[in-house]
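Here the structure is laid out as structure tokens; the discussion comes afterwards.
The values are calculated or read from the model by the stated rules, or taken from the named source; none is laboratory data. This is a predicted model, so every value here is computed, not measured. Cβ placement follows ideal geometry from the backbone for every residue including glycine, while neighbour counts extend to all protein chains displayed. Ligands, DNA and RNA are stripped out before the accessible areas are found, and what is left, the full protein with its side chains, is counted by its heavy atoms. Shrake-Rupley method; radii C 1.70, N 1.55, O 1.52, S 1.80 Å.
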Amino acid sequence: MATSKSGHDHDAGHGHGHEHGHGHGHDHEHDHDHDHEGSELGPMDLRVRALETVLAGKGYIDPAALDALIDTYQTRIGPRNGARVVARAWSDAAFRAWLLRDATAAIASLGYTGRQGEHMVAVENTETTHHLVVCTLCSCYPWPVLGLPPTWYKSAPYRARAVREPRSVLAEFGVYLPEHTQVRVWDSTAEVRYLVLPRRPAGSEGLSEEQLAALVTRDSMIGVGEPLSPAQAASS
Ligand code: FE
């Protein structure tokens, strides 16, 4: 039965890929709006868009400036909290152990608490295991440590493909893993949010915690990127 005129399989049969074997059982008890059935804009999105349109039409706001502001929170301010968590773990073995044992408490000890971060789990990348975080149902994301989720994180293709073909997704982000490295995909839920503890870059041995934090990118804490090398950080 040919129902698809555009040829893509948008959410056909709830294709969320729940068979991917890390059984936390999405039970649709997320306490926030889901946009995974049909319309991409919820009531709040529509109100925001309407307001933005009116304000821009009257010349009160510049949409480009608004985008720049949002980008600042997405990529600069928000993820710096997570970067400090990672830098502390890289430089303090006891904190690292605490983070891996009880991420919520370890992260809260640095002052990063709040909504969407009540139950944190940190997963550590190693030479043999690489972790990748997704929310297959919507856009669950650890706000207190990473800020607002980037647009691609909320997109249907990322949500579906991160589970089905994580290596292809990683390659598109420029991450090429050796064959022997196992990729583990973590599906966020309303209850649990994940922070990837990336591998400490080579050549970073003498750096201070603050210098280490400058190497930690947002993407590396989602698992779709690697931290910067000291040389990359110096030239950026
Ligand atoms: Fe979600």
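Of all the numbered requirements in (1) crowded, with 21+ Cβ neighbours inside 10 Å; (2) touching a residue at least 60 places away in the same chain (Cβ under 8 Å), Glu127 misses one, and that requirement is (1). For the condition among the aliphatic types (A, V, I, L, M) and in a loop (DSSP other than H, G, I, E, B), what is the one hit in Leu170, Leu195, Leu207? Residue meeting the stated conditions: Leu207.
Within this structure, Pro198 passes the test of being away from the ligand (no atom under 16 Å from the Cβ) and touching a Pro at 6+ places or on another chain (Cβ under 9 Å). Across region 155-167, the qualifying residues are those that are out of contact with any Gly (no Cβ under 7 Å at 6 or more places or on another chain) and in contact (Cβ under 8 Å) with a residue 40 or more places away in the chain, and the one among them that is farthest from Ala83 (Cα to Cα) is Ala156. Residues of region 178-213 being of a type in the set (Asp, Glu) and touching a residue at least 60 places away in the same chain (Cβ under 8 Å), which ones? Across region 178-213, the qualifying residues are Asp187, Glu191, Glu209, Glu210.
Out of all the residues in region 102-125, is one or more part of a strand (DSSP E or B), among the small types (Gly, Ala, Ser) and within 13 Å of the chain's Cα centre (by Cα)? Taking every residue of region 102-125 in turn, at least one turns out to be part of a strand (DSSP E or B), among the small types (Gly, Ala, Ser) and within 13 Å of the chain's Cα centre (by Cα). For Arg76, are the conditions met, namely being open to solvent by 60 Å² or more (accessible area, probe 1.4 Å), at pLDDT 90 or above and either away from the ligand (no atom under 16 Å from the Cβ) or within 19 Å of the chain's Cα centre (by Cα) (or both)? When the stated conditions are applied, Arg76 does not pass them. Only one of the numbered conditions (1) open to solvent by less than 40 Å² (accessible area, probe 1.4 Å); (2) free of Cβ contacts under 8 Å to residues at least 60 places away in the same chain; (3) under 23 Å from Ile107 (Cα atoms); (4) of a type in the set (A, V, I, L, M, F, W, C) is violated by Val216, and that is (2).
The single condition from (1) within 16 Å of the ligand (Cβ to nearest atom); (2) at pLDDT 95 or above; (3) surrounded by fewer than 21 Cβ atoms within 10 Å (Cβ to Cβ) that Met120 fails is (3).
A quick yes/no check of all residues on (1) open to solvent by less than 30 Å² (accessible area, probe 1.4 Å); (2) part of a helix (DSSP H, G or I); (3) closer than 17 Å to Trp152 by Cβ:
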position: Val163; (1), (2), (3): yes, yes, yes
position: Gly174; (1), (2), (3): no, no, yes
position: Glu179; (1), (2), (3): no, no, no
position: Met221; (1), (2), (3): yes, yes, yes
position: Ala234; (1), (2), (3): no, yes, no
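Determine, yes or no, whether Thr151 is of a type in the set (Ser, Thr, Tyr) and more than 12 Å from the chain's Cα centre (by Cα). When the stated conditions are applied, Thr151 does not pass them.
For region 137-190, the tally of residues that are under 20 Å from Glu124 (Cα atoms), of a type in the set (D, E, K, R) and more than 16 Å from the ligand (Cβ to nearest atom) stands at 3.
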